[in-house]
Amino acid sequence: MTITDSPRFAWRGVMLDVSRTFMPLNLVKRYIDLFSQYKLNVVHLHLTDDQGWRIEIKRYPLLTEIGSKFDPEFNRMGGYYSQDEIRDLVKYAQKRNVMLVPEIELPGHACAALASYPSLSCNGVRPVIHTFLEGKSIHEEIFCAGKETTYEFIFGVIDELCELFPSPYIHIGGDEAPKARWQKCPDCQKMIKDNNLKNEEELQSLFVRRIGDYLRTKNKTLVGWDEIIDGGKLAGNEVLMFWRGWKLSEVEKEVKAGFRVVCTPTTHCYFDYPYKSISTKTIFDYDPVIPGTSDKNYLGVQANFWSHIDRSEHNIDKQLFPRILGLAETGWCKPENKDWEKFKSSAIMNIGSLIRQNVNVFNDSTLNR
Ligand SMILES: [Zn+2]
């Protein structure tokens, strides 16, 4: 028998937020095993955020000595991956045809990094590393975009990331970066003036562009959350990770302007949301390609699992499965080859197999006969 088949999208991914809640190495490996059974081929690791820095960087040891731990009053476990563990994880994923894409959040969501190296912020004040629910969800604390030392630091981190991860893509975050600190910072304001920029949004574009230029010298492509486009003036070869489901028309504009996108909108791809808002059928029905735009600009589709809430492995399983099956179908099949009834009977069989592998699968009513 010969099977002729090929995927609709090259990027069929899942983002695991290992910052808000640290995931032990074996748990990440378990998910790589499970995802790869369904030919999902990208695991995007959200390695840093306000709540923790989770990867060893030899040149900046305080990132893990300080930045991987919550402040003591929050009484919650932190953790990080050593570089040896990352190398092991990369090999483990490669054997299963999974590409690991690292993400370092810049310039916002940076409390853990700035708690480790406060001089990289605009005001030099050390922020607290708190659990998500016990602090602000979006902080004013961000990296200073006006000091050269910030860029030196970022390039130093990128050097080590590029040695560890063979992925041609490096994700630099870019979402939810409030500009209050930059507005008051003499260094940031000088950078705006010296470069004839209109405002702080354009400063973020300059910041992203400088990082993108550096990544290009390493043959890497910059990936960023879709806010990176808000200040305009990017190089055009960045990959946008579209997450703001309410900004579809803006994404349409960017795709038409030639940007490549990975689609992860809040409307279909947020697997930390409850099933009543995003069911297996919701992600199955999703077609990332906006009518009137070219297929070629869509690298693919990805589910995001944010770990704001401290969930046990048992609960993470439930958030991911069976929705992962719908994601795999949307990533692989052209719309004309999708058939809900056929998918449903195969999903029911696969749920049996997942349960035998000790996966705690949620009882999604859209899959009931
Ligand atoms: Zn500044």
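Observations on the model:
- Degrees between helix 148-164 axis and first principal axis of the chain (Cα, 0 to 90, nearest 10): 30
- Size of the chain from its Cα atoms: along the principal axes, largest to smallest, the extents are 65, 48, 36 Å.
- Selected from Ser345, Ser205, Ser279 as most flexible by GNM, with the chain as the system and alpha-carbon contacts under 10 Å: Ser345
- With eigenvalues of the C-alpha gyration tensor scaled by 5 and rooted, segment 207-354, Å: 30, 19, 14
- Distance in nm between pseudo-label sites at Lys91 and Glu148 (7 Å out along the Cβ direction from Cα): 4.1
- Euclidean distance between Cα centres, segment 202-234 to segment 116-139, Å: 23
- Of Ser121, Ser167, Ser19, the one that fluctuates the most in a GNM where the chain has Cα springs shorter than 10 Å: Ser167
- Projected onto their three principal axes, the Cα atoms of segment 25-174 cover extents of 47, 34, 24 Å, largest first.
- Inter-centroid distance (Cα atoms) of segment 337-358 relative to segment 239-290, Å: 24
- Those aspartates and glutamates that a straight Cα-Cα span of less than 13 Å connects to Lys281, excepting residues fewer than 8 apart in one chain: Glu329, Asp339, Glu341, Asp364
- At full extension, Thr4 and Lys276 could sit 94.3 nm farther apart than now, given 0.36 nm per residue minus the alpha carbon distance.
- Under-5 Å amide H pairs with Ile55, H placed in peptide plane, nonlocal only: Tyr81
- Spin-label model, Asp159 to Asn123: label points 7 Å out along the Cα-to-beta-carbon direction sit 3.2 nm apart.
- Only lysine pairs 8 or more places apart or on separate chains count here, and in segment 174-256 those with Cα atoms under 28 Å apart total 27.
- Placing unit charges on each Cβ (+1 for Lys and Arg, -1 for Asp and Glu) gives segment 86-182 a dipole about its Cα centre, and among Asn97, Leu133, Ala112 the Cα reaching farthest toward its positive end belongs to Asn97.
- GNM result for the chain, Cα springs below 10 Å: residue of Glu329, Glu250, Glu202 fluctuating most strongly: Glu250
- Computed with every protein chain present, the accessible area of Tyr214 is close to 50 Å² [probe 1.4 Å].
- The sum of -39500 (n - 2.57) across all DSSP H runs of n ≥ 4, divided by the residue count of the chain, sets its helix-only mean residue ellipticity at 222 nm to -11000 deg cm²/dmol.
- Simple spin-label estimate for Asp33 and Asn315 gives 2.4 nm between the two label positions (7 Å along the Cα-to-Cβ direction from each Cα).
The values are calculated or read from the model by the stated rules, or taken from the named source; none is laboratory data. Quick caveat, the model's predicted, so the values are computed rather than measured. Reconstructed Cβ throughout: ideal geometry from the backbone, glycine too, with neighbour counts over all protein chains shown. What goes into the accessible areas is simple: the full protein's heavy atoms, side chains included, and nothing from ligands, DNA or RNA. Shrake-Rupley method; radii C 1.70, N 1.55, O 1.52, S 1.80 Å.
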